[in-house]
1. Looking at T139, T65 in this structure, which one is modelled with pLDDT of 90 or more and farther than 26 Å from K187 by Cβ?
2. Failed condition for N113, given (1) modelled with pLDDT under 90; (2) surrounded by 13 or more Cβ atoms within 10 Å (Cβ to Cβ); (3) assigned to a helix (DSSP H, G or I); (4) more than 19 Å from the chain's Cα centre (by Cα), with all others met?
3. Quick check on my filter: what residues within region 57-70 are part of a loop (DSSP other than H, G, I, E, B) and open to solvent by 80 Å² or more (accessible area, probe 1.4 Å)?
4. Does any residue in region 16-31 that is touching a residue at least 60 places away in the same chain (Cβ under 8 Å) come within less than 8 Å, Cβ to Cβ, of a residue that is assigned to a strand (DSSP E or B) six or more places away or on a different chain, and which pairs are these?
5. Give me the residue from region 4-56 that is among the acidic types (D, E) and outside any helix (DSSP H, G or I) and, out of that set, least open to solvent (accessible area, probe 1.4 Å).
6. Which ones in region 71-91 are touching a residue at least 12 places away in the same chain (Cβ under 8 Å), in a helix (DSSP H, G or I) and either open to solvent by 10 Å² or more (accessible area, probe 1.4 Å) or touching a His at 6+ places or on another chain (Cβ under 7 Å) (or both)?
Amino acid sequence: MRKSARLVTFSKVVETAFYVVQEQETSYSQLQEHLGVSMDRSKEILREMARMDLILQNEDHFKKTATTIKFVQAIREDDWRTVHQIMMGYPHYATFYYGVRKYGPIELNNLPNLISDEYFNFNSATLQYISDLTLRVGTIQQNVFNNHYYAIDDTNESFTVALLNIYDELNRSGVGNLKQRYVEIPKIREHVCEKLKIQRETFDKKFLDLYVKNIGRLELSGAPITTHAKKSDKKIKSVNFSEMPDRITMELTSDQYLNGIECGRRQYYYLAIHKRDLS
């Protein structure tokens, strides 16, 4: 019989892990009271976390393990690589991750037939749930302009070559294939990240390093180039964690706009490449 994942948000997983570490163990009714959720929801959360190997189930009680402690510590230290390693013990997460790594970049709706089998069922709800988990953890990234999903795997290809090629591809007005010279940095970032399978933060660092060495060859602009130019309305998902004496908060947002680049305490949104012999 194929198994579907119970849809438990990452924020509830984190809150429950912290609670179990603090209390040593918990029950359905105790977690229900602590989280302020229904009994059915409490059962779903604890049972799915047991399937994730984040806690140990003993009939109707759930105890912390060394993995629970490691998971909590990784969240506190913003160590998402370790969080990913722990989540790989969750079969649905691991199957999805390896599928995207093997077949990506790929649109999400093309993936289920490639990774569903006699053991795991990736229906639309499960697929959205697991993909959201991987995006939050940061092991999978989505190009928000073409909806391609890909694993962060660093191809070690030349950043400069990728930047020039993507710039050329995007440097078209759409009218008679005329060059528009200034290209939106968010678009360049999304496509270069997909090409090289790197994180957005890695792009920003490499881009700024390249720009500083090539001022004059590369030009940054913060003002609209035409009256129709405006910031992208595309958004990405992010995680904001905070820990207070009486409360753990893991805020999951999907309203972070794609930004340009900050250099010298100024924000720039467009790039123009004047010379291609970059240092």
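1. Values: T139 fails: farther than 26 Å from K187 by Cβ.
Only one candidate passes the filter, namely T65.
2. Status for N113: all satisfied but (2).
3. Filtering region 57-70 down to residues part of a loop (DSSP other than H, G, I, E, B) leaves 59-60, 64-65.
If the condition is that a residue be part of a loop (DSSP other than H, G, I, E, B) and open to solvent by 80 Å² or more (accessible area, probe 1.4 Å), then E59, D60 are the ones that fit.
4. Close Cβ pairs satisfying both conditions: F18/E243; F18/I248; Y19/T26; Y19/I248.
5. Step one: of region 4-56, the residues among the acidic types (D, E) are 15, 23, 25, 33, 40, 44, 48, 53.
Going one step further and asking which of them are outside any helix (DSSP H, G or I), we end up with 25, 53.
Values: E25: 70, D53: 93 Å².
Looking at the filtered set, the residue picked out is E25.
6. Start the filter on region 71-91 by keeping residues that are touching a residue at least 12 places away in the same chain (Cβ under 8 Å), which leaves 71-72, 74-76, 78, 80, 82-84, 86-87, 89-91.
Imposing the further condition that a residue be in a helix (DSSP H, G or I) reduces the set to 71-72, 74-76, 80, 82-84, 86-87, 91.
Scanning region 71-91 gives R76, W80, T82, H84, I86, P91.
This table checks each residue for (1) among the hydrophobic types (A, V, I, L, M, F, W, C); (2) closer than 25 Å to I152 by Cβ; (3) touching a Ser or Thr at 6+ places or on another chain (Cβ under 6 Å).
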residue: T65; (1), (2), (3): no, no, no
residue: V83; (1), (2), (3): yes, yes, no
residue: P112; (1), (2), (3): no, yes, no
residue: T126; (1), (2), (3): no, yes, yes
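The values are calculated or read from the model by the stated rules, or taken from the named source; none is laboratory data. The shown structure was predicted, so the numbers you read here are calculated from the model rather than taken from an experiment. With ideal geometry, Cβ positions are generated from the backbone for all residues, glycine too; neighbour counts draw on all protein chains shown. The area values use the complete protein model at the heavy-atom level, side chains included, leaving out ligands, DNA and RNA. Shrake-Rupley method; radii C 1.70, N 1.55, O 1.52, S 1.80 Å.
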